[in-house]
Amino acid sequence: MKTLRWTNHWLQGSPSFCQRVEPTPLDSPYFMHCNAQAAHLLGLDVGQVSNDAALRCFNGDELLPGMQPVATAYAGHQFGIFTSRLGDGRAITLGQTQRANGETYEVQLKGAGLTPYSRTLDGRYPLGAAVREYLAGEALTALGILSTRALCLLGSQTEIRRQEHSETAAILVRMAKSHMRFGHFEYFHHRDDIDELRELFVFVTEQYFPELLNEAAEQWPLRFLEIVIERTARLIAGWQSVGFVHGVMNTDNMTLSGETLDLGPCGFMEAYDPGFSPNPGDDQQRYQYDQQPDIGRWNCLALAQAFTSLLPSPTIPACLLRLYRQTYQQHYLQAMRTKLGLQTPHPGDVDLVHSLLSALARSNADYAGFFRDLARLEPHRGLFARTEFPVPLQNWLGSYQDRLRLEKSSPDQRRERMNRVNPCYVLRRHLLDQAIQSAEQGDFTELGKLLELVQNPYEERPGMDFYSQAQPEASFPTVQSL
Ligand code: AMP
Ligand code: MG
């Protein structure tokens, strides 16, 4: 850790962007887990982020030279309703560090105590929810979907109140290319503070969109929106293709970098269900699986709205919304083709995917499991042995088989390709609950084991069937309120 150089560019912007804040250490902190993959991104091995000095740093007892912790100001549309002041209530940015290869990562502590934006809340992160964010971000990353990364997780003896019970507090050390949210722009737009909005825009463009600096300055806002909209559409296409539901797609949880952020009550769909929602607090099912693409578009509209004073005309250009739809459709279709082992695009593929989804819904089939089973199917004298599939899927398999005739690769090549993109190990709810329950009792073996599997989700391991299958009937009680 000591070899890294730290800066905090937030402090180079206007004083209204952020406030200096000191982390509040947890009592008797210890490492629950350190993530070797994320450490490597910083050019470190896991021992360098899991020693005493690192623990003192991440617990906020003794920061490293150059770290200048801040909490930033943002607003956001939460479940469709605008809140003018949110901000980092329990996240503290320690700074950014640049690797020799030029890559920069921003490192944040989540759960390190009160900030000026904590409102009536406590600035803390319950251990169970922190474990979930730790694992979910890594699972997404392994599936090729951009997400904030988890560097390490600290447990403690600090007790916090949640509803009627107490829990122990954790600190999640997370990193991202940037934690900038749509809500950072909404904050100044809705205060009508155009000068600050413009300053934030220039600041963000210089830091994160250097490719725009070669273009004429009056083009920047529109080009900026185009880039963010494309990234968002692409991100959500990725979520849909793997059956991931974020659960809280508020505009303050959407990044400009296209990285998945703030993995709260999120989850991977198991039995295919367009209405799946992992968030029991989402009464209206606003953020359920089949709503995510439209909500992504709605959020992009809210971002574009916040940019209207920077655009030549106050009307949001229609091309931006077309761009969202086109990018989404293109990336989603391509991701599904790849999952189906199809290499050459064909005009019938949209219908093939739609009919698959409708057959999956009627069959209540396990989404991830289906693609692994599909890869295993052997054409047998020109016919698939389809009978092990539910009836609606058997019919669909006929069209799939016809479609495969348009492909050039052999059955073995197709199977290999499919098993490289369709996970065998998914972060299933009961596995996550089991890892959380063990961690709450001070045993982190399940956490480590599950991380290892979801970080390498394609390679089937002997003796690990329990981790690849849907929840056995009434096995584990589920963890309730996180
Ligand atoms: P979220 O729903 O996690 O995206 O959070 C929405 C807002 O509430 C953000 O401003 C968070 O920083 C803030 N927040 C959530 N939980 C806490 C907490 N325990 N302490 C302080 N702020 C919080
Ligand atoms: Mg949030």
- Message: Looking only at region 266-290, how many residues end up being crowded, with 18+ Cβ neighbours inside 10 Å, small (G, A, S) and either at pLDDT below 95 or within 17 Å of L431 (Cβ to Cβ) (or both)?
- Response: 1
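Taking L55, is it of a type in the set (A, V, I, L, M) and either not assigned by TED's automatic domain parsing to the domain that holds A142 or not in a helix (DSSP H, G or I) (or both)? Spell out the reasoning first.
On the way: of a type in the set (A, V, I, L, M): yes; either not assigned by TED's automatic domain parsing to the domain that holds A142 or not in a helix (DSSP H, G or I) (or both): no.
It is false that L55 is of a type in the set (A, V, I, L, M) and either not assigned by TED's automatic domain parsing to the domain that holds A142 or not in a helix (DSSP H, G or I) (or both).
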- Qualifying residues in region 178-188 (those that are assigned to a helix (DSSP H, G or I) and in contact with a Phe, Trp or Tyr (Cβ under 6 Å, 6 or more places away or on another chain)) - the one nearest to ligand 1 (Cβ to nearest atom): G183
- Checked against (1) assigned to a strand (DSSP E or B); (2) more than 15 Å from P23 (Cα to Cα); (3) away from ligand 2 (no atom under 13 Å from the Cβ); (4) not hydrophobic (A, V, I, L, M, F, W, C), H77 satisfies every condition except (3)
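Right, P29: of a type outside the set (A, V, I, L, M) and within 16 Å of ligand 1 (Cβ to nearest atom) or not?
In short, no.
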- Would you mention how many residues in region 402-459 are touching a Cys at 6+ places or on another chain (Cβ under 7 Å) and either in contact (Cβ under 8 Å) with a residue 40 or more places away in the chain or of a type in the set (S, T, N, Q) (or both)? 1
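For residues that are among the hydrophobic types (A, V, I, L, M, F, W, C) and under 11 Å from M67 (Cα atoms), tally how many sit in region 93-109.
Initial filter on region 93-109 (among the hydrophobic types (A, V, I, L, M, F, W, C)): 94, 100, 107, 109.
So of that shortlist, the ones also under 11 Å from M67 (Cα atoms) come out as 94, 107.
Total meeting the criteria: 2.
Only one of G89, G102 is assigned to a loop (DSSP other than H, G, I, E, B), free of Cβ contacts under 8 Å to residues at least 60 places away in the same chain and away from ligand 1 (no atom under 12 Å from the Cβ). Can you tell me which?
Details: G89 fails: away from ligand 1 (no atom under 12 Å from the Cβ).
Unique residue meeting the criteria: G102.
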- Going by the structure shown, is Q394 surrounded by 15 or more Cβ atoms within 10 Å (Cβ to Cβ), part of a helix (DSSP H, G or I) and touching a residue at least 12 places away in the same chain (Cβ under 8 Å)? no
- Task: Output the number of residues of region 189-219 satisfying the condition of being in contact (Cβ under 8 Å) with a residue 60 or more places away in the chain and either part of a helix (DSSP H, G or I) or among the hydrophobic types (A, V, I, L, M, F, W, C) (or both).
- Result: 12
- Inter-residue pairs, beta-carbon under 6 Å, first under 11 Å from A435 (Cα atoms) and in region 121-138, second part of a helix (DSSP H, G or I) and within 14 Å of ligand 1 (Cβ to nearest atom), 6+ apart: none
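The values are calculated or read from the model by the stated rules, or taken from the named source; none is laboratory data. Note that this is a predicted model, so its numbers are computed, not measured. Every residue, glycine as well, gets a Cβ built from its backbone with ideal geometry; the counts of neighbours run over all protein chains shown.
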